[in-house]
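Structure first, then comments.
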Amino acid sequence: MTQSIFLGFSLRITNYVLFMPYRRIATLKTAADFRNYLAQLGVDLNFDEHLQSGADSPLAQPYQLANGFKIGNRFAILPMEGWDGTTDGKPTEPTIRRWQRFGQSGAKLIWGGEAVAVREDGRANPNQLLITEKNLGDIAALRETLAQVHEALYGRSDDLLVGLQLTHSGRFARPHRKDRMESQILYHHPLLDHKFHLSADAPVLSDDEITQLIDDFVKAAALAQRAGYAFVDVKHCHGYLGHEFLSAVDRPGRYGGSFENRTRFLREIVAGIRAQVSGMEIGVRLSAFDFIPFHPGTENIGQPEPIAEKYRYAFGGDGTGVGIDLTEPFAFLDLLADLNIQLVCISAGSPYYNPHIQRPALFPPSDGYQPPEDPLVGVARQINATAKLKQYRPDLTFVGTGYTYLQEWLPHVAQYFVRTGQVDFAGYGRLVLTYPDFAADVLTGKPLQRKRICRTFSDCTTAPRNGLVSGCYPLDEYYKERPEAAILAKVKSKESEK
């Protein structure tokens, strides 16, 4: 694993105390600073020194899908959950505000908006959105509000592609209480069962139960189409159920063991949608590689769980637990092409057991650990893996992730990788919370508003980990003024005292 040089210094920012061996992105003022620091880290991450704006910018170029739809530019907004729906799965005022910001962003591809559960027992928290007949009008209104805001600001929405991410949280389901998992698993994992206190006799989903769940995904896709969404994302990332299928190497029967069996869940959902939801496009957000679970070690720095033999449960892993082998992800892309699925969003890892792989950040959430590598290492890992996947299947449409940590340098890296054809869209999520018009400012050549740029303080994760709504409490006045802000400050204060 690539390690950074030691540049230790202390930093205190509003209840955040961290001894960091890594430089903050905000201190890398010039292209030379950024390039030299990447070289010091041994990180291979290319970027364009000079940004283009206006119609000739690589990031402003439209992208035409195989079905003829032309997406207006190369920015994508990634799914952002707020833990702020009603207990029956409807959006609330904070949810609507977030979707308004998606529309305000100027990005022309909205990848899923946020994860929406296909049924009650698959919710990641008791306030996750739930797509049902009863909730359909509210789910439709989210898309309509987003499009109206976008059209009012940018004059048109006919080049705006909005999808809905469909999910079942599986092992990480918390449908009734925020502090209690009600896991639904495909197999007993030798490390995750222990980490999340799952008993050895906990039931495993049967093949018949999986067949019913497939029907629920197909019904949810039909509802999404009625609500006006252009595509559905059949979620296969971050340790949730779709992703767990890909690592179910020990599961017997139709849905485990061989690669063919481990992808049967996706194939049967797609077949059902094609048969019953005519014209609905399908995308897949994929954790294209995974690592072994990490835990806090010395000085709370993350370290991998020890293993005595080959680690078999990381899809896209090389067996060491901390390396990548894209053989099966390449095969997965071939499958997507065979299924006539063009849209693929590449992510990695899981926020539950190796968050620095999934979402590089300088400040960990309350239940996390100090980053064991400079977050730029994790950013480059995701971006370069996506480039390799795009090189393998240039016919597919790739949305890249991991960009938010780049902060001021996000558009420079995004422009390079889009311009050179190594990714089709640059996706970001957390940044839209406090700086919704970031993409619009980049595309029009406006100077970036540095005080609004996400600095990865991880409040948007620490808050829901402690049962609060997710939002940018450090930078967004809307969340600063909510009563949850005081509760969160106390949580962080206690954490800093440990």
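The values are calculated or read from the model by the stated rules, or taken from the named source; none is laboratory data. Note that the structure is a prediction, hence the values are computed from the model and not measured. With ideal geometry, Cβ positions are generated from the backbone for all residues, glycine too; neighbour counts draw on all protein chains shown.
Restricting to the range 290-338, and then to whatever is under 18 Å from Pro371 (Cα atoms) and of a type in the set (Phe, Trp, Tyr), can you tell me which residue is nearest to the chain's Cα centre (by Cα)?
Step one: filter the range 290-338 for residues under 18 Å from Pro371 (Cα atoms), giving 290-306, 321-323.
Imposing the further condition that a residue be of a type in the set (Phe, Trp, Tyr) reduces the set to 291, 294.
On the way: Phe291: 16, Phe294: 19 Å.
Among those that are under 18 Å from Pro371 (Cα atoms) and of a type in the set (Phe, Trp, Tyr), it is Phe291.
So which of Phe315, Phe363, Phe332 is at pLDDT 95 or above and more than 30 Å from Gln64 (Cα to Cα)? Before you say what the answer is, go through the steps one by one.
Working: Phe363 fails: at pLDDT 95 or above; Phe332 fails: more than 30 Å from Gln64 (Cα to Cα).
Just one listed residue meets the conditions, Phe315.
Quick check, is Tyr352 closer than 20 Å to Phe259 by Cα and in a loop (DSSP other than H, G, I, E, B)? Even if it seems obvious, please write down each step before you answer.
Numbers: closer than 20 Å to Phe259 by Cα: no; in a loop (DSSP other than H, G, I, E, B): yes.
Against the criterion (closer than 20 Å to Phe259 by Cα and in a loop (DSSP other than H, G, I, E, B)), Tyr352 does not qualify.
Listed residues Glu309, Glu299; which is touching a residue at least 40 places away in the same chain (Cβ under 8 Å) and surrounded by fewer than 14 Cβ atoms within 10 Å (Cβ to Cβ)? Break it down into steps so the answer makes sense when it comes.
Working: Glu309 fails: touching a residue at least 40 places away in the same chain (Cβ under 8 Å).
Just one listed residue meets the conditions, Glu299.
In the range 92-107, how many residues are among the hydroxyl-bearing types (Ser, Thr, Tyr) and assigned to a helix (DSSP H, G or I)?
Restricting attention to the range 92-107, the residues satisfying the condition of being among the hydroxyl-bearing types (Ser, Thr, Tyr) are 92, 95, 105.
From what's left, assigned to a helix (DSSP H, G or I): 95.
Qualifying residue count, the range 92-107: 1.
Would it be correct to say that Gln148 is outside any loop (DSSP other than H, G, I, E, B), under 30 Å from Pro62 (Cβ atoms) and of a type in the set (S, T, N, Q)? Reasoning before the result, please.
Numbers: outside any loop (DSSP other than H, G, I, E, B): yes; under 30 Å from Pro62 (Cβ atoms): yes; of a type in the set (S, T, N, Q): yes.
Here the answer is yes, as Gln148 does meet what is asked.
Within the range 417-453, work out how many residues are in contact (Cβ under 8 Å) with a residue 40 or more places away in the chain, of a type in the set (A, V, I, L, M) and closer than 26 Å to His356 by Cβ.
Matching residues across the range 417-453 total 8.
Quick check on this structure: which one of Ala414, Ala380, Ala387 is in a helix (DSSP H, G or I) and without any contact (Cβ under 8 Å) to a residue 40 or more places away in the chain?
Exactly one residue qualifies, and that residue is Ala387.
For the range 112-145, how many residues are aliphatic (A, V, I, L, M) and in a loop (DSSP other than H, G, I, E, B)? So that I can check it myself, show each step before the final result.
Our first condition is that a residue be aliphatic (A, V, I, L, M); within the range 112-145, this holds for 115-118, 124, 129-131, 136, 139-142.
Still in the list and also in a loop (DSSP other than H, G, I, E, B): 118, 124, 129, 131.
Summing the residues that are aliphatic (A, V, I, L, M) and in a loop (DSSP other than H, G, I, E, B) in the range 112-145 gives 4.
How about the range 219-324: which helices (runs of 4 or more DSSP H) wholly inside it have at least 3 residues that are under 19 Å from Asn340 (Cβ atoms) and among the basic types (Lys, Arg)?
Details: elements: 241-246, 259-262, 264-276.
Fully inside the range 219-324 and qualifying: 264-276.
Scan the range 355-369 residue by residue and report those that are buried (at least 20 other Cβ atoms within 10 Å of the Cβ), touching a strand residue (DSSP E or B) at 6+ places or on another chain (Cβ under 7 Å) and either hydroxyl-bearing (Ser, Thr, Tyr) or not in a loop (DSSP other than H, G, I, E, B) (or both).
His356, Gln358 - these are the residues of the range 355-369 that are buried (at least 20 other Cβ atoms within 10 Å of the Cβ), touching a strand residue (DSSP E or B) at 6+ places or on another chain (Cβ under 7 Å) and either hydroxyl-bearing (Ser, Thr, Tyr) or not in a loop (DSSP other than H, G, I, E, B) (or both).
(1) out of contact with any Phe, Trp or Tyr (no Cβ under 9 Å at 6 or more places or on another chain); (2) buried (at least 22 other Cβ atoms within 10 Å of the Cβ): which one isn't true of Tyr403, the others all being true?
So Tyr403 meets the others, but not (1).
Go through the range 69-91 and give me each residue that's of a type outside the set (Lys, Arg), under 21 Å from the mean Cα position of the chain (by Cα) and assigned to a loop (DSSP other than H, G, I, E, B).
If the condition is that a residue be of a type outside the set (Lys, Arg), under 21 Å from the mean Cα position of the chain (by Cα) and assigned to a loop (DSSP other than H, G, I, E, B), then Asn73, Leu78, Pro79, Met80, Glu81, Gly82, Trp83, Asp84, Gly85, Gly89, Pro91 are the ones that fit.
Among the residues of the range 391-413, write down those that are under 21 Å from Val284 (Cα atoms) and under 18 Å from the mean Cα position of the chain (by Cα). Talk me through it step by step, then tell me what you get.
Going through the range 391-413, the residues under 21 Å from Val284 (Cα atoms) turn out to be 391-404.
Matches in the range 391-413: Thr397, Phe398, Val399, Gly400, Thr401, Gly402, Tyr403, Thr404.
Please go through the range 191-217 and give me each residue that is charged (D, E, K, R) and assigned to a loop (DSSP other than H, G, I, E, B), ordered by number.
The first filter runs over the range 191-217 and keeps only residues charged (D, E, K, R), leaving 193, 195, 201, 207-209, 215-216.
Listed by number, the list holds a single entry, Asp201.
For a quick check of your reading of the model, give me the residue pairs whose first member lies in the range 457-482 and is touching a residue at least 24 places away in the same chain (Cβ under 8 Å) and surrounded by fewer than 22 Cβ atoms within 10 Å (Cβ to Cβ), whose second is outside any helix (DSSP H, G or I) and basic (Lys, Arg), with beta-carbon atoms closer than 7 Å and at least 6 apart or on different chains.
Hits for this filter: Gly467/Lys178.
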